[in-house]
Amino acid sequence: MKILFLDQSGKPGGAELCLLDIAKPYGQNALVGLFADGDFRKLLQENQIPVEVLATQAIKVSKQSGLFPALSSLGQITPLINQVVHRAKKYDLIYANTQKALVVGAIASFFARRPLVYHLHDILSQEHFSKTNLRVAINLINRCAALVIANSQASKTAFLQAGGKPDLVQVVYNGFAAKNYEVDELEVSNLKENLGLKDKFIVGHFSRLSPWKGQHILIDALSQCQKNVIAMLVGDALFGEYEYVKDLHQKVTALGLENRVKFLGFRADIPQLMAVCDLVAHTSTAPEPFGRVIVEAMLCGKPVVAAQAGGAMELVEDGVNGFLVTPGESQELAAVIHNCLQASTKIANIGNYARISASQRFDVHTINQQIQELLKLIILNK
Ligand code: UDP
């Protein structure tokens, strides 16, 4: 089976890291076409996955764009569509991994006569997208896609509520290789020492810096916790949210937390950094479509406290493999941090159970097989 994957981003966000794991087993039978250059291209190359940057300039449409920018971008994407049509003829199907890839892939699938699969990594609601964007996405999917792979029940439900056809969609969770999250103890203690965090209770937050990812909620919670609790913020403003980064720094200063909040920027050593943490916090203020970092924390054997909405509710069972709190409620988060600080045996047991169950439930080989079976059916029925 030969697959042409399409992704609009040059940066390695959650959807891109998921695509990396899906494309890997196809080796030279895959080509990833990107609409922007960046570190994601390098990551694909490091993993021996064929990749080509197909666009020379960024497409100027955002999730919140209205009708006019969407229409005016059509001229811009025509050369891109031509490139995709040309390449798609050598592949059995087009696999669109992001929303702009869906638009380009849908038109190209018509001209190249190749089936289109759309991997839905978003909650298609007005909380995240403009009305125009939603309408365009749902119409294209309903008319052009042979299959929609939703990354959670929450994403599937939003898709159906927005008018998506029920017979198109299947839920497949992200897959992970558990062995990538096994970290050497010595490496962890060295890292902890290098970060100057020995003898601290470390609450980690792993996400791009963006208002809806809610890093400010963790900072508010920290101001209600005892002084040996430290917040470690891992991630950067991947999509230009620099105002928010400024706000976060101002908040830290205003609350006098300069010595208790560490901004580490974007990092590639996520398993090692998670292993350093005592607790991992997920604080999204809008429903998370899936929440890769939640599963990654579990695979590291760390207790995770997540905002009770969207995909996170499918991953975390409160008090069993982690904790759930009301989104946006810093007091509740502070209470969980306080309880974890008091009950080290209990949280060690929760982390351990989470590791074992997550490594079975999200095994990358099983999940890749599931996707392969779905794709085979599409090709057989084309
Ligand atoms: N991540 C990373 N480096 C960072 C911050 C995050 O590699 O500095 C990774 C993280 O480990 C996870 C992904 O980015 O695999 C984020 O995925 P998630 O589903 O949590 O959120 P998204 O970015 O898709 O909204």
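Taken together, the values in this text are just the output of simple stated rules run on the coordinates, not laboratory data. What you see is a predicted model, and the numbers here were worked out from it, not measured in a lab. Here Cβ is always computed from backbone atoms with ideal geometry, including for glycine, and neighbour counts include all displayed protein chains.
Annotation: for a label point projected 7 angstrom from Cα along Cα→Cβ of ASN339, residues of region 298-333 with backbone N closer than 13 Å are 304-306, 317-326, 332-333.
In this label model, GLN161 and LYS24 are separated by 3.4 nm, measuring between points 7 Å along each Cα→Cβ vector. Sorted fewest first by neighbouring Cβ atoms within 10 angstrom, ASP199, ASP269, ASP220 come out as ASP199, ASP269, ASP220.
With a cap of 10 neighbouring Cβ atoms within 10 Å, and only residues DSSP puts in a loop, list the GluC sites (Glu not before Pro) found in region 213-301.
Numbers: sites: GLU241, GLU243, GLU258, GLU296; in loops: GLU241, GLU258.
Of the GluC sites (Glu not before Pro), the ones in loops of region 213-301 whose Cβ has at most 10 other Cβ atoms within 10 Å are GLU258.
Please work out the Cα center distance from region 96-141 to region 243-262, rounded to the nearest Å. Between the Cα centre of region 96-141 and that of region 243-262, the gap is 37 Å. Candidates ILE149, TYR91, ASN228 compared by Cα position along the dipole of the chain: farthest toward the positive end lies TYR91, with charges placed on Cβ. FRET efficiency for the pair GLN83 and MET1, taken as 1/(1 + (r/R0)^6) with r the Cβ-Cβ distance and R0 = 30 Å, rounds to 0.85. For the listed residue pairs LYS24/LYS382; LYS89/LYS376; LYS246/LYS302; LYS100/LYS213, the alpha carbons are over 27 angstrom apart in LYS246/LYS302. Computed over the chain, the per-residue total of -39500 (n - 2.57) for DSSP H runs of n ≥ 4 gives a 222 nm mean residue ellipticity of -13500 deg cm²/dmol, rounded to 500.
I want to make sure I understand the PRE zone here: with the label point 7 angstrom from the Cα of LYS376 toward its beta carbon, which residues in region 339-370 have backbone N atoms less than 17 Å away? Zone members listed by number: 365-370. Under the Kirkwood approximation applied to all pairs of distinct alpha-carbon atoms, what is the hydrodynamic radius of the chain in Å? One decimal place: 21.5 Å for the Kirkwood radius. For the chain, relative contact order (Cα pairs under 8 Å, six or more residues apart, normalised by length) works out to 14 percent. Per-residue extension of 0.36 nm, minus the Cα-Cα distance of GLU314 and GLN48, leaves a gain of 92.5 nm for this segment.
Modelled spin labels at GLN170 and ASP247, positioned 7 Å past Cα toward Cβ, are 4.0 nm from each other.
On the principal axes of its alpha-carbon atoms, region 96-188 has extents of 54, 32, 23 Å, going from largest to smallest.
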